[in-house]
Amino acid sequence: MGMGIEVRNRMARRAALEISPGMVVNLGIGIPSLVPNFLPPDMHVMFHAENGITGMGATPPAGEEDEALCNAGGFPVTVVPGASYCDSATAFGMIRRGRVDLSILGSLQVSGKGDLANWIIPGKKVPGMGGAMELASKAKKLIVLMSHTDKAGNPKIVDECTLPLTSGRCVDLVITDLAVFKVSNQKLILIEHRDTSSVEEVAAKTGCKFEVQDNVKKVAY
């Protein structure tokens, strides 16, 4: 069973705290696409999409979608004042030149050293990794939003990724439904965990060793 919308919203709300005014931010599909819903209305942020939008806003209310306005995943979006449009080549040029301050992606696995594997599900047909490889390599900071375990209860934070890598040593922060980790010098460090869980539970559901920050926080995100 997948995560409920309340859990997904909590994770997106936590990720929104990592965004500062003036940033150019790229969002992956899934939980990352919920992040704009949790920014203060007066915060100026330009959300970037590979299909050629810079300046996406919150998800439109049901019934008010514009069928010609969508993100790279094909889901309806709104735009903010000052938004601009371009072709995909220009959008990818922004990524390759390091113009994206922050990328927030989903993932299937993350290693304790910060490797990212997020583009292929075994046994499933997929069109390719899309822009994830370049975003992981070129964004100034990379945050991963994902469930702590898969549907079978297996850890998604592992010692070594068993799925094909999207990019190596690229993840800076991992936010799951249980905890928040930072990756520093190829080391995984627990900095927060939900107030309904414990360090012991996080350790039991994590497939690699990690350090615990001295002032690790219990949060209700």
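Quick notes on this one:
- Complete set of residues in the range 74-91 that are open to solvent by 40 Å² or more (accessible area, probe 1.4 Å) and touching a residue at least 40 places away in the same chain (Cβ under 8 Å): F75
- For the range 8-15, the criterion of a residue being farther than 17 Å from A83 by Cβ, outside any helix (DSSP H, G or I), open to solvent by less than 50 Å² (accessible area, probe 1.4 Å) and modelled with pLDDT of 95 or more is satisfied by no position.
- Looking across the range 135-148, the residues that are open to solvent by 40 Å² or more (accessible area, probe 1.4 Å) and in contact (Cβ under 8 Å) with a residue 40 or more places away in the chain come down to K138, K140, K141.
- Residue within the range 139-162 that is among the aliphatic types (A, V, I, L, M) and more than 17 Å from the chain's Cα centre (by Cα) present: yes
- Of the residues contained in the range 195-208, one or more are found to be open to solvent by less than 20 Å² (accessible area, probe 1.4 Å) and outside any loop (DSSP other than H, G, I, E, B).
- Near pairs, Cβ below 7 angstrom, 6+ apart or cross-chain, from the range 52-70 (farther than 15 Å from N26 by Cα and at pLDDT 90 or above) to any residue that is part of a loop (DSSP other than H, G, I, E, B) and of a type in the set (G, A, S): none
- Identity of the residue in the range 71-103, of a type in the set (A, V, I, L, M) and assigned to a loop (DSSP other than H, G, I, E, B), that ends up modelled with the lowest pLDDT: A72
- Every condition in (1) closer than 18 Å to R8 by Cβ; (2) open to solvent by 30 Å² or more (accessible area, probe 1.4 Å); (3) of a type in the set (K, R) holds for K156 except the one numbered (2).
- Residue identified as under 30 Å from L190 (Cα atoms) and touching a Leu at 6+ places or on another chain (Cβ under 9 Å) among G114, G98: G114
The values are calculated or read from the model by the stated rules, or taken from the named source; none is laboratory data. It should be emphasised that the depicted structure is a prediction, and the values quoted were computed from it without experimental measurement. Glycine gets a Cβ as well: all are built from the backbone with ideal geometry, and neighbour counts include every protein chain shown. Surface accessibility is based on the protein's heavy atoms, side chains included, excluding ligands, DNA and RNA. Shrake-Rupley method; radii C 1.70, N 1.55, O 1.52, S 1.80 Å.
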